[in-house]
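Comments concern the structure below.
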Amino acid sequence: MLPNYRGSSSNCPLWHLCVICVSLQPRNNLHKKKPKVRTNMSNGGKYIKLSVEVKNVVQNNYETSDAVASNKRQKLDENYEIVRRALEVEAAGDIVEKKNFSKRKNFVIMLGYRGRDYFGMQINRGTKTIEESLLSALLKANFITKDQFEDVRLLRFQRAARTDKGVSAVRQIVSLLLPQEVNKEDVNKHLPNDIRVFDIQRVIKTFNKDQNFLKLDIDDEIDEEQRLKDLSVINGKPYKEFRLTPEMLDKLNNVLKLFEGTHNFHNFTSKIRPLDPSARRYIIHFRCIETFVANNMEFAVLEVKGQSFMLHQIRKMVSLVIGICRNIVSSDFVKDVFSLEKYDIPIAPGLGLSLHFVHYSYYNKRYGKDGIHKTLEWQDCNEEVEKFYKEYILQDIIDTETLNNVMLNWLAIYLTPKRFASKEFVACEDIE
């Protein structure tokens, strides 16, 4: 934007200029001897002489003002030329930044992604992440600047949940400052097929991804050979032909229920000490909601809903559930891992783990019906979301497991009794 300024106008009030000049002149000539003036009022000599002096002063002042104004115009013209050339150089770059001076507002982006080819959700310069791809698309669509791309703090960027390497999300939410002209179509043009923006909604100025959201729903599709003692053959038949019985499903749900409520999950993450308040997490429910057969293999869908999760927490929870169902450890072991004692729990593969919902019940109830903001729900785009999930996430899980036997190899290598051994007992005096 070129600089704005106020120049002299042809409508400048000349009367004010005359008055100023006349009032200043006597003060500048106090040291001089006053000229003699005739007092003959018949010919008006005195008044004629004064009027001539005023006229000369005004004329001299005009000449001075014109010279100053001319110099100012010359300098401003030079500034115009400098700015114009700078803009031409900037426009010659690979990406032309859109100089959008409209005031930015708080928005949330509702998106989904397949995490197989990414090193997690959170931006990490030099690695391929979901946030890096999303911000790059916003930059190419001219909704953010280069400075904002390099420093997301300028955007007040927040994510509802972080997902690990290889973990997918069906319904994820991020919040940031965007211009009011933002739209999902322009963003999706610059995104790969395995990342989709389903909606972009305006939210309140004080929106906080932690304070407003209630809970997360995360599903983990795990194939049924995990429940078996024999990894490859069951009763003389290939393990892929095995199907869960109602009794097995009951046992599975009873084990999952042991994780519900508020517990100390320090053994289910890393670098968190047993008495750290952040280790206490609340699980609303954990259950098997369905089973299905694909590629002649049965899969079970585990749904865990909680207020928040730590790094690797869900994958370690699933690992322990499999260990109990396969009789590697007993169900009483769950109480042990919730104690202060340190245990090693294997991390289950990220394949099959996907974030399904981020709930904002409080926000929706308070602000969703104020006539200005919408509720942060997915009904309007649910059909599009489910289509993306089945085509890009679920089908990839099924195909990858069928081709590579990811879970079967993990069972053979990592899920052994030694993997659940106690590390140490943490004495209270060792904890600050």
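Can you tell me which residue among Tyr389, Tyr360 is at pLDDT below 75 and surrounded by 15 or more Cβ atoms within 10 Å (Cβ to Cβ)? Selected residue: Tyr360, the only one of Tyr389, Tyr360 that is at pLDDT below 75 and surrounded by 15 or more Cβ atoms within 10 Å (Cβ to Cβ).
Out of curiosity, is Thr400 of a type outside the set (A, V, I, L, M, F, W, C) and modelled with pLDDT of 85 or more?
Numbers: of a type outside the set (A, V, I, L, M, F, W, C): yes; modelled with pLDDT of 85 or more: yes.
Yes.
All conditions but one from (1) modelled with pLDDT of 90 or more; (2) within 27 Å of Arg273 (Cα to Cα); (3) crowded, with 19+ Cβ neighbours inside 10 Å apply to Asp336; the one that does not is (3).
Whenever a residue of region 267-294 is farther than 30 Å from Leu403 by Cα, its partners that are among the hydroxyl-bearing types (Ser, Thr, Tyr) and exposed (fewer than 14 other Cβ atoms within 10 Å of the Cβ), lying with C-beta atoms within less than 7 angstrom and at least six residues away or across chains, give the pairs Ile272/Ser278; Arg280/Thr262; Tyr282/Thr262.
Can you tell me how many residues in region 129-167 are basic (Lys, Arg) and part of a loop (DSSP other than H, G, I, E, B)?
We begin by selecting, within region 129-167, every residue basic (Lys, Arg); these are 140, 146, 153, 156, 159, 162, 165.
From the residues that got through so far, the ones that are part of a loop (DSSP other than H, G, I, E, B) too are 156, 162, 165.
Total meeting the criteria: 3.
Being within 23 Å of Val197 (Cβ to Cβ) and touching a residue at least 60 places away in the same chain (Cβ under 8 Å) holds for only one residue in Ile314, Ile393, and it is Ile393.
Looking only at residues in region 199-228 that are at pLDDT below 60, in a loop (DSSP other than H, G, I, E, B) and among the charged types (D, E, K, R), which one is nearest to the chain's Cα centre (by Cα)? Per the stated criteria, the residue is Lys209.
Within the option set Arg196, Arg281, Arg243, Arg287, being out of contact with any helix residue (DSSP H, G or I) (no Cβ under 6 Å at 6 or more places or on another chain) and either in a strand (DSSP E or B) or modelled with pLDDT of 90 or more (or both) holds for one residue only, Arg281.
Considering each of Arg104, Arg159, Arg116, Arg171 in turn, give the residue that is within 11 Å of the chain's Cα centre (by Cα), modelled with pLDDT under 90 and surrounded by 15 or more Cβ atoms within 10 Å (Cβ to Cβ).
Values: Arg104 fails: within 11 Å of the chain's Cα centre (by Cα); Arg116 fails: within 11 Å of the chain's Cα centre (by Cα); Arg171 fails: within 11 Å of the chain's Cα centre (by Cα).
It is Arg159.
The values are calculated or read from the model by the stated rules, or taken from the named source; none is laboratory data. Source: prediction; values computed, not measured. With ideal geometry, Cβ positions are generated from the backbone for all residues, glycine too; neighbour counts draw on all protein chains shown.
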